[in-house]
Amino acid sequence: MIVMTKDTMQIVREQDVVPFRNRVREYAAKIGMSLVNQTKLITAASELVRNMLKYANGGKVLIEIISKNAQTGVRLTFIDEGPGIANVQQAMQDGFSTGKSLGLGLPGTKRLVNEFDIKSTLGEGTTVTVIHWKNGR
Amino acid sequence: MSTTAQHLQKHRQRIIETWMKNQLTDAALRDDLMSNDELRSQSDELLTALLRAFNSGNFDDVYSSDYDQVIEILNDISITRARQGFSPRETGQYVISLKKAVNEVLEEELKDDPGALYQETRKTDSVLDSLSMITFETFIKGREEVIFRQTDEINEISTPVIRVWDGILALPIIGTLDSARTQIVMENLLQEIVNTGSSIAILDISGVPAVDSLVAQHLIKTVSATRLMGAECIISGIRAEIAQTIVHLGIDLSNIKTKATLASALQLAFSMTNVEVRKINRNAGFKLMK
């Protein structure tokens, strides 16, 4: 896998969500992603960044354009130093939420993107990595 | 009277001339925003207040009451400049060029006594540095006020409730729907339902760039609140890509009436209120009359 472009954004306030989303859109458009796939990726990014703000008071996001087997895609890595997720399996179930939300953020995001990975350590933080390929497959 | 103040008072006229010269020769001077006379009277007023403060012999604490008047004038200048559209550099240059002028006079006055010159310059420098900090702080505060005012204005204009037909309200939502805006949208909508006695509200989300689970949750809440008021809610403007995203996310909007366009939502609203909109064939009528 080759990383072609790399960019980091700090997310500390709710006001950072919209500029961040626009940045992701920019990257997705740059590699020629279709509108549907762009929207899927942006929505996934929006979910994850909101989670980061709500549960970990912010963090940072790495935005990369990657290439693998003649495919290009966007990889987003969300890194926070929040309290961590006690039971990742439970958090990945539809309708489970420790906050008062719909509980669709994590499982929904997984369905929206091509590759999804979550690592969480209690008391240390959570890292979520998502990849969405140009053609959405 | 402190010696510094004496030196400076003696050469007051020279300071103001040098200061004005510094300001006028600065490439960043905005004579389009402020006339020279205005600049001179402003500078004169500030220098008078500053020399009076120096007179007190207090060079350590610009936040003490000795400097009240100076700070008041500076704040006034900064805020006015921020509103007039001066750049931070131009505003900062104002105090910094005064420092240059003061230093020039002190240098001339004390050229035979380097020790005293150092002491005096250090004292005036520290005061003027603090003052330029204050200018910056106030300048930024002035700008922030402008931003806050605009945010308020945007919030106010961004959620219009339109009465499209007797008993039918439309509410175009543009931009991101966060908690604060949902609150405003909901309040406006519910109030308008009461005011007009409307039975149908159409929420148009054509202008919402992305619908994530939080936005969806806000929409569902607004719809539930509308229903509690006895009105029905239709969500329109769901684009193809948004529809796909909502399905993948797993958001259940099946209890809510949704339409792709505002036009089809309006049509649905008409049929719900038993209103029929028909095309009239004027030509046919004309022929009959013949």
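The values are calculated or read from the model by the stated rules, or taken from the named source; none is laboratory data. Remember, predicted model here, so these are calculated numbers, not experimental data. When we count neighbours, we look across all protein chains shown, and the Cβ atoms used for this are built from the backbone with ideal geometry, even at glycine.
Kindly indicate whether any position in segment A:100-107 is surrounded by 22 or more Cβ atoms within 10 Å (Cβ to Cβ), more than 14 Å from B:Ser213 (Cβ to Cβ) and either modelled with pLDDT under 90 or within 17 Å of the chain's Cα centre (by Cα) (or both). The answer is no, given that none of the residues of segment A:100-107 is surrounded by 22 or more Cβ atoms within 10 Å (Cβ to Cβ), more than 14 Å from B:Ser213 (Cβ to Cβ) and either modelled with pLDDT under 90 or within 17 Å of the chain's Cα centre (by Cα) (or both). Taking (1) among the hydroxyl-bearing types (Ser, Thr, Tyr); (2) under 35 Å from the mean Cα position of the chain (by Cα); (3) closer than 30 Å to A:Val113 by Cβ; (4) surrounded by 18 or more Cβ atoms within 10 Å (Cβ to Cβ) in turn, B:Thr261 satisfies each apart from (4). Pairs are defined by a Cβ separation below 7 Å, a sequence spacing of at least 6 or placement on different chains, a first member in segment A:99-113 that is facing chain B (nearest Cβ under 9 Å), and a second member that is charged (D, E, K, R) and assigned to a loop (DSSP other than H, G, I, E, B); the pairs so defined are A:Gly103/A:Asp94; A:Leu104/A:Asp94; A:Pro107/A:Asp94.
This table checks each residue for (1) in contact with a Phe, Trp or Tyr (Cβ under 8 Å, 6 or more places away or on another chain); (2) within 14 Å of chain B (Cβ to nearest Cβ).
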| position | (1), (2) |
| --- | --- |
| A:Phe20 | no, yes |
| A:Tyr27 | no, no |
| A:Ser34 | no, yes |
| A:Lys54 | no, yes |
| A:Glu64 | no, no |
| A:Thr72 | yes, no |
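Applying a threshold of 7 Å to beta carbon distances and a minimum spacing of six or more residues, or different chains, the list of pairs starting in segment A:12-26 at a residue that is farther than 17 Å from B:Ala180 by Cβ and basic (Lys, Arg) and ending at one that is surrounded by 12 or more Cβ atoms within 10 Å (Cβ to Cβ) and at pLDDT below 85 reads A:Arg21/B:Ala210.
When B:Ala82 is tested against (1) surrounded by fewer than 17 Cβ atoms within 10 Å (Cβ to Cβ); (2) modelled with pLDDT under 85, only condition (1) is not met. For beta carbons closer than 6 Å, sequence separation of 6+ or different chains, a first residue in segment B:43-54 that is charged (D, E, K, R) and a second that is assigned to a helix (DSSP H, G or I) and modelled with pLDDT under 85, there are no qualifying pairs. Here A:Ala44 meets each of (1) assigned to a helix (DSSP H, G or I); (2) over 26 Å from A:Ser120 (Cα atoms) with one exception, condition (2).
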